[in-house]
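See structure below.
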Amino acid sequence: MKTLFRFFHKSILLCILSINSQAQTPPNFLIKSEFIFSTDEFPECHASSIVQTHDGLLVTWFAGTQEKNPDVSIYASRFSGDKWSKPIELANGIQSPTLRYPCWNPVLFQVPQGDLLLFYKVGPDPVHWWGMIRRSKDEGKTWSQPERLPEGILGPIKNKPVWLANKTILCPTSTELDGWKLYFEYSKDLGKTWQKSSFLNDGKNIMAIQPSVLFHPKGKLQLLCRSQNDAILEAYSNDNGMTWSEVQKTNLPNPNSGTDALTLKDGRHLLVYNHTIRYTGKWGGPRSPINVAISKEGKKWFAVAELETEPGEFSYPAIIQSSDGMIHIIYTWKRKTIKHVVVDPKKISGKEIINGQWPK
C-alpha cells in the first residue's frame, strides 16, 4: 500500500510540475526577457526611454529614493555586446550648493544623420517643471552641457518624438499646469529652435497627457494617450501634427497610466499599456497586468499578450523597432528595475478586443 501511495504521490507531483512548466513557457514571439540592472541598484526607478545605437541599445530612466525627491536623477545603461553596462548618471537637478530639484521622464531621440538628443524635465512637480536637453554626437558616449529649453517648451513629455517626411521633429507633449492638456512641439532645424501647436483638449472634460504618434497612409497621423477618463484616447491629424481632430475615447481602458505605441515597418501598429480600469491609489490606478495589442488600422485592436500579471506595478512602457526588425519593449518593473523584452513581430497575432474586454 505504501508503495502504491508513493507511486500516486509522485505521479501527481510530476503532473503538477508539468502543468506549471507549460504555464511558464514563454510565447514563441518572445525572444528575450531581462532586467537592465539589479533590483537593489536604486531605491526606486521609473519612466524609461530606449534608442538603438550603432553597436546596440541605450536606455535612460530616472531613479532616486522616491519619485519627487530632490535626489532623483537621470541614469543610463548601454547594451553593446552581451550585457548591459553599469548605470551612470546623465543629469541631475542641482541648481546651487543649497538647492536641488528632482529630474523626470527622460526621452531619447536620434535625429537622422544628426545628434542624439536627451530630453528631460527638472522641477518640484509636473505642474512646475521645465524642459532640459543634452546633445550627443557619438550616440551617447559623451554629451554636451545641459541646456534649458526655451520658456514654454517642455520637450516630449514621456514618449519619443517622431521624424516627419518634411524633416520636422514632432514631439508629443502635454501640460498639467491648468488641467491635463495635449499639444505638440516641433522643430524644423534639427532641434535648434522650437514652436508649439494649440491645445487639443480643454483639460477638464477630457483630461489627457503623454501622447504617442502612429503613422497611416497619405500622411495621416494618429495619437494615443493616457487619460483620467478611464480610456485610452485618440485623435487624428492630416497636416503633420499642426492641427488635430477632436480627442475621443477608444474602446481600450486606461487606469491613468502611461502607454506607448509604434507603427511597425510592415504598417501594423503596436500598443503597450495597462488593460485595467481606474481606481484611487498611490499612482492613480492599478498597473498590472501590462499588455501588448496590435492593429492593422489603429481602430480594431487584437490582444497579443500580458507581459506581467502578478500584483505590483508594471508601467510606463517604451517601444522601438530595431534595424533587424525586432521590437524592443522596456517598462518599469515594480519601481525596482527596468525590464527589457524583445519580440519578433512576424510571430505575433491575437484575438480581437471587443467592448474593452481582454479575451481569455
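What follows draws every value from the coordinates through simple rules; no lab data is involved. Everything numeric in this text was worked out from a predicted model, so none of it was measured. When we count neighbours, we look across all protein chains shown, and the Cβ atoms used for this are built from the backbone with ideal geometry, even at glycine.
Can you give the FRET efficiency for residue 355 and residue 98, using 1/(1 + (r/R0)^6), R0 = 51 Å, r = Cβ-Cβ distance, to the nearest 0.05?
0.40
Take the alpha-carbon positions of the range 40-120, form their convex hull, and give its projected area averaged over all directions (one quarter of the hull surface) in nm².
5.9 nm²
Just tell me the longest site-free run in the chain, where the sites are GluC sites (Glu not before Pro) in a DSSP loop having at most 14 other beta-carbon atoms within 10 Å.
1-150
Would you kindly derive the ³J(HN,Hα) couplings of the range 147-154 from the backbone phi angles with the Karplus curve 6.51 cos²θ - 1.76 cosθ + 1.60 (θ = phi - 60°), listing them in order in whole Hz, with x for Gly and Pro?
Going residue by residue, I get 10, 7, 5, x, 3, x, 9, 9 Hz, with x marking Gly and Pro.
Can you work out D for the range 74-210 in µm² s⁻¹ from Stokes-Einstein, where Rh is the Kirkwood radius over C-alpha pairs, the temperature is 10 °C and the viscosity is 1.306 mPa s?
Answer, rounded: 100 µm²/s.
So what is the orientation-averaged projected area of the range 292-360, using the convex hull of its C-alpha atoms, in nm²?
So the mean shadow area of the Cα hull is 5.5 nm².
Counting only residues 5 or more places away or on other chains, whose amide H sits under 5 Å from the amide H of residue 257 once H atoms are built in the peptide plane?
Amide H neighbours of residue 257: 227.
Relative to the longest principal axis of the chain, what angle (0 to 90°, nearest 10) does the C-alpha long axis of helix 2-23 take?
The angle comes out at about 20 degrees.
How large is the Rg to Rh ratio of the chain when both quantities use alpha carbon positions and Rh follows Kirkwood?
Rg divided by Rh gives 1.00.
With the chain treated as a Gaussian network of Cα nodes joined by springs under 10 Å, which of 262, 116, 164 yields the largest mean-square fluctuation?
Among 262, 116, 164, the largest GNM mean-square fluctuation belongs to 164.
log₁₀ I(q)/I(0) of the range 179-251 at q = 0.17, 0.24 Å⁻¹, via Debye over equal Cα point scatterers, no solvent, to two decimals?
Computed log10 I(q)/I(0) values: -0.62, -1.09.
Could you run the Karplus curve 6.51 cos²θ - 1.76 cosθ + 1.60 with θ = phi - 60° over the range 134-141 and give me ³J(HN,Hα) per residue in whole Hz, x for Gly and Pro?
My calculation for the range 134-141 gives 10, 10, 10, 9, 10, 6, x, 6 Hz in order.
Using the beta-carbon distance between residue 80 and residue 38 and R0 = 22 Å, what value does 1/(1 + (r/R0)^6) give for FRET efficiency, to the nearest 0.05?
So the FRET efficiency works out to roughly 0.70.
Please work out the Cα center distance from the range 49-108 to the range 186-223, rounded to the nearest Å.
Between the Cα centre of the range 49-108 and that of the range 186-223, the gap is 25 Å.
Consider a paramagnetic label point 7 Å from the Cα of residue 142 along Cα→Cβ; state which residues of the range 32-71 have an amide N under 18 Å from it.
Under 18 Å, as judged by backbone N against the label point of residue 142, lie 54 of the range 32-71.
Might you report the magnitude of the Cβ-based charge dipole of the chain about its Cα centre, with Lys and Arg at +1 and Asp and Glu at -1, to the nearest 20 debye?
780 debye
Going Cα to Cα from residue 188, which lysines come in below 18 Å? Please leave out same-chain ones fewer than 8 positions away.
Result set, ordered by chain and number: 160, 167, 196.
Between residue 177 and residue 309, what length comes free when the chain is fully extended (0.36 nm per residue of separation minus the Cα-Cα distance, one decimal in nm)?
Computed gain between residue 177 and residue 309 is 44.1 nm.
Can you give the extra length, in nm with one decimal, that the chain gains between residue 204 and residue 65 once fully stretched, where that is 0.36 nm per residue apart less the Cα-Cα distance?
Length gained, residue 204 through residue 65: 46.8 nm.
At a Cα cut-off below 27 Å, give the lysines reachable from residue 360, other chains included and same-chain residues fewer than 8 away excluded.
Residue 360 reaches 32, 249, 296, 299, 300, 334, 339, 346, 347, 351.
Could you work out the equivalent-ellipsoid semi-axes for the range 102-164, taking the square root of 5 times each eigenvalue of the Cα gyration tensor, largest first, in whole Å?
Semi-axes from the Cα gyration tensor: 21, 13, 10 Å.
Return P(r) of the range 199-339 (all Cα-Cα pairs; 5 Å bins starting at 0; whole %; ordered from short to long distances).
Percent of pairs per bin, in order: 2, 10, 20, 23, 20, 14, 8, 2, 0.
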